[in-house]
Amino acid sequence: MLGSLQANMSRQGVNTVQKGCCNACEKPIVGQVITALGKTWHPEHFTCNHCNQELGTRNFFERDGFPYCEPDYHNLFSPRCAYCNGAILDKCVTALDKTWHTEHFFCAQCGQQFGEDGFHERDGKPYCRNDYFEMFAPKCNGCNRAIMENYISALNSQWHPDCFVCRDCKKAVRGKSFYAMEGKPVCPTCVGVDEEE
């Protein structure tokens, strides 16, 4: 049948040289041909491996030797954002064993994106420095603010060095002897005791 078709077309001046066999149907290709992935295809047989839509001359992606249309490739194989679960098509952040769109990697408390300070992690969530310390750091027994750096441990509590002062006169008691009253340090002078005694 193909031979008679070729003869009829040749009489009409149409070249009918076989251009290979179609990778999908394994039949000879005469006329339009698509060459992709090192193989030849009838245009109608070069389809997405997932949705079976004709790819024609559109952009496509290859995975394990199979062609995929752009939407299916991204939905099936692109990394997913840990925040929105959308496919990541461009730049991404990899942190906490997850991938994120750059605009979706932000503090779990305040929503601000991270700057040069980076982030802190708690229970698999990222936090900016301020929120992390405000929420999870030990609090100073003097001012009740987060302790973010050096501290003094005394009277079963932690203190900022500047907050470890006499309860009454507010003078520093660091490195000196002091008395404990109601969980606060009190210097000997305010207690009425001479420091020499």
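What are the residues in region 130-154 that are of a type in the set (Ser, Thr, Tyr) and farther than 17 Å from Asp117 by Cβ, if any?
Here is the first cut: in region 130-154, the residues of a type in the set (Ser, Thr, Tyr) are 132, 151, 153.
Selection gives Tyr151, Ser153.
Whenever a residue of region 100-121 is hydroxyl-bearing (Ser, Thr, Tyr), its partners that are part of a loop (DSSP other than H, G, I, E, B) and open to solvent by 80 Å² or more (accessible area, probe 1.4 Å), lying with C-beta atoms within less than 6 angstrom and at least six residues away or across chains, give the pairs Thr102/Lys91.
Please specify each residue of region 23-77 satisfying the condition of being open to solvent by 40 Å² or more (accessible area, probe 1.4 Å) and on the phi > 0 side of the Ramachandran plot.
Filtering region 23-77 down to residues open to solvent by 40 Å² or more (accessible area, probe 1.4 Å) leaves 23-28, 30, 32-33, 35, 37-39, 44-45, 49-54, 57-64, 66, 70-71, 73, 75-77.
Passing the criteria: Glu26, Leu37, Gly38, Asn52, Asp64.
For first residues located in region 135-147 and over 18 Å from Pro185 (Cα atoms), partners that are among the β-branched types (Val, Ile, Thr) and not in a helix (DSSP H, G or I) and lie 6+ apart or on another chain with Cβ distances below 7 Å form the pairs Ala137/Ile147; Pro138/Ile147. With respect to (1) touching a Ser or Thr at 6+ places or on another chain (Cβ under 8 Å); (2) modelled with pLDDT under 75; (3) loosely packed, with under 14 Cβ neighbours inside 10 Å, the lone exception for Gly20 is condition (2).
The values are calculated or read from the model by the stated rules, or taken from the named source; none is laboratory data. All figures in this text were calculated on a predicted structure; none of them were measured in a lab. A quick note on method: Cβ atoms are made from the backbone with ideal geometry, for glycine too, and the neighbour counts reach across all protein chains shown. Just so you know, the surface numbers come from the protein's heavy atoms only, side chains and all, with ligands and any DNA or RNA stripped out. Shrake-Rupley method; radii C 1.70, N 1.55, O 1.52, S 1.80 Å.
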